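Just below is one structure, and these are the notes that go with it.
We did not get these values from a lab; they are worked out from the coordinates using the rules stated. Predicted model only: the values in this text are computed from it and were never measured. Neighbour counts are summed over all protein chains in view; Cβ atoms, including those assigned to glycine, are modelled from backbone coordinates with ideal geometry.
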Amino acid sequence: VTAEKGGFEHFMLKEIHEQPKAYRDTMRGRIDESGKKVVLPELKLTKEQIKGISKIQIIACGTAYHAGLVGRQAIESLVRIPVETDVASEYRYRSPIVTPDTLVIVVSQSGETADTLAALREAQSHGAHVLAITNVVGSSIARDADDVIATLAGPEIAVASTKAYTSQLIAFYLLSLYLAEVRGTQTQDEVARIIAAMQALPEQLENMLAKPDAIKAYAEQISKHEHLFFIGRGLDYAVVQEGSLKLKEISYIHSEAYAAGELKHGTLALIEEGIPVIALATQDAVLEKTVSNIKEVSARGADIMAITHEEHVVSLLKSVNQAFAIPKTLPLLTPALSVVPLQLLSYYASLARGNDVDKPRNLAKSVTVE
Ligand code: AGP
């Protein structure tokens, strides 16, 4: 434990705990005093340009890409503009359809990821306006982009990204609300309701971070396994993809994240007695369907841990071995809370396996080769 780690054993744990502050810092100055409007004075993108956007492409790598998956749902549901998401290393090679009325959003913690920078340049060469969501304002991506929304997570040292991801979610929520206002797709009351829920997130997160014991105990249990599955639907599916990457990256446990409804199209064959399955079940609109997928794996003997809301714990415990409750917010904002137990799970699983949590093997913090 050193002073630079703020009393924490690892940078990763410190950064997980810095998330409430990162949320507050990323929102600060971007919500007007009435609490009914998002303001993004840094944007060069004009209201006229925003009204003319025909399509949005979100491009990033790894964890930043996973933030983009949530960003896509935020934009599509609040602004009703079609959104495509691409892994940056694939973007150029699918000959993407980009026109001057395409808004391209690149997401990068470091702002130095070579694939993301190359995608940015490709998009600009077709005349698209490129907006970067980045944590490093002096970075190459920030310099080359036409617009920047800075996440104010502070320096992220651990290779495994945590606070940068959740701050990217906050940036996407803010951007979506701003676009919705300009395009008139949400009422002022609805925007105010979402803003109020966003402002409650830091405290909800603090409460959750104060009680890590159940997740820690579960992490020790899964650390003895070599394979496991994550399942979820909708936004839960987006979040489990991030949870699975995090777990692989630092614990070296093989895991796959599956859209819960897709399991029966092949992967169910891999479910056998005792295999851990982590089911994220926070999205009420698809809860019943997720429960029926949980029953499919339970019938094959899986050892299931559900992450859900308090009100569903009792009924879910009929089909799962254990359940962990997270605080309730709006469904769209839930990823900003639900990813945190998954971050802690990876952290404690990595720790239990004696790995170098902050510097996992074979990986670099910022990937500057294509
Ligand atoms: C996250 O835990 C990973 N280390 C990795 O996927 C990372 O998010 C990716 O390399 C993108 O980095 P960037 O955000 O700096 O562009």
I need the Debye-formula profile for the chain: one equal scatterer per C-alpha, no solvent, reported as log10 I(q)/I(0) at q = 0.11, 0.14, 0.15 1/Å, two decimals. -0.74, -1.20, -1.36
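Quote the charge dipole size of region 158-209 about the Cα centre in Debye, to the nearest 20; the model charges only the Cβ of Lys and Arg (+1) and of Asp and Glu (-1).
180
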Checking the a/c ratio against 1.5 first, then a/b against b/c, what shape does the Cα gyration tensor give for region 95-150? prolate
Tell me whether region 224-327 comes out rounded, prolate or oblate; compute the Cα gyration tensor, take square roots of the eigenvalues as a ≥ b ≥ c, and use a/c under 1.5 as the rounded threshold. rounded
Residue pairs, from the table 289/318; 163/216; 21/44; 5/246; 289/328, whose Cα atoms sit over 24 Å apart: 21/44
Grab the eigenvalues of the alpha-carbon gyration tensor for region 163-296, scale each by 5, take roots, and send me the semi-axes largest first in whole angstrom. 32, 19, 14
Any lysines with Cα under 28 Å of the residue 47 Cα? List them, leaving off those in the same chain fewer than 8 positions away. 36, 37, 55
For 63, 308, what ranking results if the residue with the fewest other Cβ atoms within 10 Å of its Cβ goes first? 63, 308
If you fit an axis through the alpha-carbon atoms of helix 235-251 and take the longest principal axis of the Cα set of the chain, what angle between them do you get, 0 to 90°, nearest 10? 70
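Specify the longest stretch of the chain that does not include any exposed loop site, a site being one of the chymotrypsin sites (Phe, Trp or Tyr not before Pro) with a non-H, G, I, E, B DSSP assignment and at most 16 other Cβ atoms within 10 Å.
With chymotrypsin sites (Phe, Trp or Tyr not before Pro) excluded where exposed in loops, the chain gives 9-251 as its longest stretch.
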Within 10 Å of each residue's Cβ, count the other Cβ atoms and sort 233, 361, 183, 72 from fewest upward. 361, 183, 72, 233
What is the angle, in °, between the Cα long axis of helix 188-209 and the longest principal axis of the Cα atoms in the chain? Nearest 10 is fine, range 0 to 90. 40
In terms of the Cα gyration tensor, with a ≥ b ≥ c the square roots of its eigenvalues, is region 127-206 rounded because a/c is under 1.5, prolate because a/b exceeds b/c, or oblate? oblate
Once the Cα atoms of helix 163-183 and of the chain are each reduced to a long axis, what angle between those two axes, in degrees from 0 to 90 to the nearest 10, is obtained? 50
What FRET efficiency comes out for residue 262 versus residue 32 if R0 is 45 angstrom and r is the Cβ-Cβ distance? Round to the nearest 0.05. 0.60
So how strong a dipole does the chain carry about its Cα centre when Lys and Arg Cβ are +1 and Asp and Glu Cβ are -1, to the nearest 20 debye? 240
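Which order results if 40, 131, 363, 263 are arranged by neighbouring Cβ count within 10 Å, fewest first?
On the way: 40 17, 131 24, 363 12, 263 21.
Starting with the residue having the fewest Cβ neighbours, the order is 363, 40, 263, 131.
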Please compute the net charge surrounding residue 130, taking Lys and Arg as +1 and Asp and Glu as -1 over other residues with Cβ under 15 Å from its Cβ. -4
Treating only Lys and Arg (+1) and Asp and Glu (-1) as charged, each at its beta carbon, one finds that region 67-216 has a dipole about its Cα centre, in Debye to the nearest 20, of 160
